[in-house]
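Peer 1: What follows is a structure written as structure tokens; I'll ask about it next.
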Amino acid sequence: MDKGKFGRRDRLVKEKYHDTYREDKKRSEPSVCPGCGAVFTGGRWTWTDEPEGAAKASCPACQRIADDYPAGYVELKGDFFQQRREEILNLVSNEEKMEKGEHPLERVMSITPEKDQTMITTTGVHIARRIGEAVTRAYQGELNFTYGDNEKTIRVQWVSK
């Protein structure tokens, strides 16, 4: 059979990458998020003073929080973690402050203590990974992470030794 100029017809068509929280249309600039005060200017969200006449629009992080749809899940567990829970959660808080200061869309959504672990949810994959790496640097332990959904989500697990 001659494939000619049309090529193979039995190939799999890869579905287009889709992220509900990634904006396809151009947002008006400047815009300010009424939830957190982040400003969209120069094509990105930043922490600057609200410009006069700025449009109001929720940022993707506030939208994720409102929808309760995390991009990152961080599980912290183990005997050492149970003994040093408060100290380790202070480290997590400090990491969030640093990451959020540079990247307004990277935030901790919730910290939920459970019987034998603590679950942290985040608005972005970068902050989740950063938290896991910071805890591992400070306290060793075993760190595992798994990306899902074309790297739009991440599950980070840290177990103390």
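Please treat every number below as a calculation from the coordinates, not as lab data. Source: prediction; values computed, not measured. So basically every Cβ, Gly included, is an ideal-geometry build from the backbone, and we count neighbours across all protein chains shown.
Peer 1: Starting with the fewest neighbours, write out Arg84, Arg130 ranked by other beta-carbon atoms found within 10 Å of each beta-carbon. Walk me through the numbers on the way to the answer.
Peer 2: Numbers: Arg84 16, Arg130 22.
The order, fewest Cβ neighbours first, is Arg84, Arg130.
Peer 1: Val32's amide H: which non-local residues (gap 5+, or another chain) put their own amide H closer than 5 Å, with H modeled 1.01 Å from N in plane and none for Pro or chain starts?
Peer 2: Residues meeting the criterion, in which the H sits 1.01 Å from N, are Phe40, Ala55, Lys56, Ala57.
Peer 1: Can you give the extra length, in nm with one decimal, that the chain gains between Ala57 and Lys161 once fully stretched, where that is 0.36 nm per residue apart less the Cα-Cα distance? Present the calculation step by step, with values, prior to reporting the outcome.
Peer 2: Values: separation 104, 0.36 × 104 = 37.44 nm, distance 4.49 nm.
Here the segment from Ala57 to Lys161 would lengthen by 32.9 nm.
Peer 1: Give the average over all directions of the projected area of the C-alpha convex hull of region 66-159, one decimal, in nm². Write out the running numbers ahead of the final one.
Peer 2: Values: hull surface 23.4 nm².
Dividing the Cα hull surface by four gives the mean projection, 5.8 nm².
Peer 1: Here's a follow-up. Figure the gain on full extension for Arg85 and Ile111 (residue separation times 0.36 nm, minus the Cα-Cα span) and round it to one decimal in nm.
Peer 2: In short, 8.2 nm is gained.
Peer 1: What share of the DSSP beta bridges in region 66-159 is antiparallel, in percent to the nearest 5? Display every interim value, and only then the final one.
Peer 2: On the way: 18 of 24 bridges.
Roughly 75 percent of the beta bridges in region 66-159 run antiparallel, per DSSP.
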